[in-house]
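Notes follow the structure.
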Amino acid sequence: MIEDTILEAMDKMDKAVEHTQSQFGTVRTGRATPSLVERINVEYYGAPVPLQQLASISVPEARQLLIKPHDRTTLEAIERAIRESDLGVNPSNDGVSIRLSLPQLTEERRKEYVKVARTMAEEGRIALRAIRRDARKAVEAVEKDGEISEDDLDRAEKELDKITHEHVEHIDEALGRKEHELLEV
């Protein structure tokens, strides 16, 4: 029972770390990556649809994205969604595709992005602690039912703390890499 709870908590923590790392991908660095725009929702026949489902996204140059819609009628909606997003770039539409030229980041903007990345990392840590808390409650409930001893409860809590600490370190390492990437000129 305890092992199942710990394994389930580990699985959830792995997913939380993965999610946090994918969130880091949405923070703009000096280079263009498709992950910057993949999650932008485009109004398509009255419903919000992620851009990655409506178009192919490529990187022809280091600081340029090329978005080719599968359906040309979505070109204007995609352009509008990009303008309304927080990317801070102006799309250029040639009737077939949309080009996004990413300007050089200023020092001030880089520092803002570092703050955004730190906020994302903190949200990831909070998620990990919530998973640990839920697992702890489950183990304590089993102990109250008399199915395990206090010693088993202590061992399980120490194991949960150790696993949580390891996953927090993974998030901190990813944050360190992202900060280095952001501050690199």
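The values are calculated or read from the model by the stated rules, or taken from the named source; none is laboratory data. All values reported here derive from a predicted model rather than from experimental measurement. Positions of Cβ are backbone-derived with ideal geometry, glycine not excepted, and every protein chain shown enters the neighbour counts.
I'm checking my understanding of the structure. Among residues of the range 133-185 that are not hydrophobic (A, V, I, L, M, F, W, C) and not in a helix (DSSP H, G or I), which one is surrounded by the fewest Cβ atoms within 10 Å (Cβ to Cβ)?
Step one: list which residues in the range 133-185 are not hydrophobic (A, V, I, L, M, F, W, C), which gives 133-134, 136-137, 140, 143-147, 149-152, 154-155, 157-159, 161-162, 164-167, 169-170, 172-173, 176-181, 184.
Okay, now just the ones that are also not in a helix (DSSP H, G or I), so 145-147, 149, 184.
Details: D145: 9, G146: 7, E147: 11, S149: 10, E184: 10.
Selected residue: G146.
Among residues belonging to the range 20-34 that are among the small types (G, A, S) and within 15 Å of R63 (Cβ to Cβ), point out the one that is surrounded by the fewest Cβ atoms within 10 Å (Cβ to Cβ).
Filtering the range 20-34 for residues that are among the small types (G, A, S) and within 15 Å of R63 (Cβ to Cβ), the one surrounded by the fewest Cβ atoms within 10 Å (Cβ to Cβ) comes out as G30.
Of all residues in the range 34-65, which are part of a strand (DSSP E or B) and over 21 Å from L105 (Cβ atoms)?
As a first pass, look at the range 34-65 and keep what is part of a strand (DSSP E or B): 41-44, 47-50, 55-61, 64-65.
Residues satisfying the conditions are N41, V42, E43, Y44, A47, P48, V49, P50, A55, S56, S58.
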>> Given the options I163, I126, I131, name the one that is under 30 Å from the mean Cα position of the chain (by Cα), farther than 20 Å from L7 by Cβ and at pLDDT 95 or above.
In response: I126
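Would you confirm whether any residue within the range 132-154 is touching a His at 6+ places or on another chain (Cβ under 6 Å) and either over 30 Å from E181 (Cα atoms) or in the same structural domain as H165 (by TED's automatic domain parsing) (or both)? Before you say what the answer is, go through the steps one by one.
Here is the first cut: in the range 132-154, the ones touching a His at 6+ places or on another chain (Cβ under 6 Å) are none.
Checked the range 132-154: no residue is touching a His at 6+ places or on another chain (Cβ under 6 Å) and either over 30 Å from E181 (Cα atoms) or in the same structural domain as H165 (by TED's automatic domain parsing) (or both).
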>> Just the residues that are surrounded by 11 or more Cβ atoms within 10 Å (Cβ to Cβ) and either part of a helix (DSSP H, G or I) or outside the structural domain of S56 (by TED's automatic domain parsing) (or both), please, taken from the range 66-86.
In response: R72, T74, L75, E76, A77, I78, E79, R80, A81, I82, R83, E84
>> Given the criteria in contact with a helix residue (DSSP H, G or I) (Cβ under 6 Å, 6 or more places away or on another chain), acidic (D, E) and more than 29 Å from I131 (Cα to Cα), does E43 qualify?
In response: yes
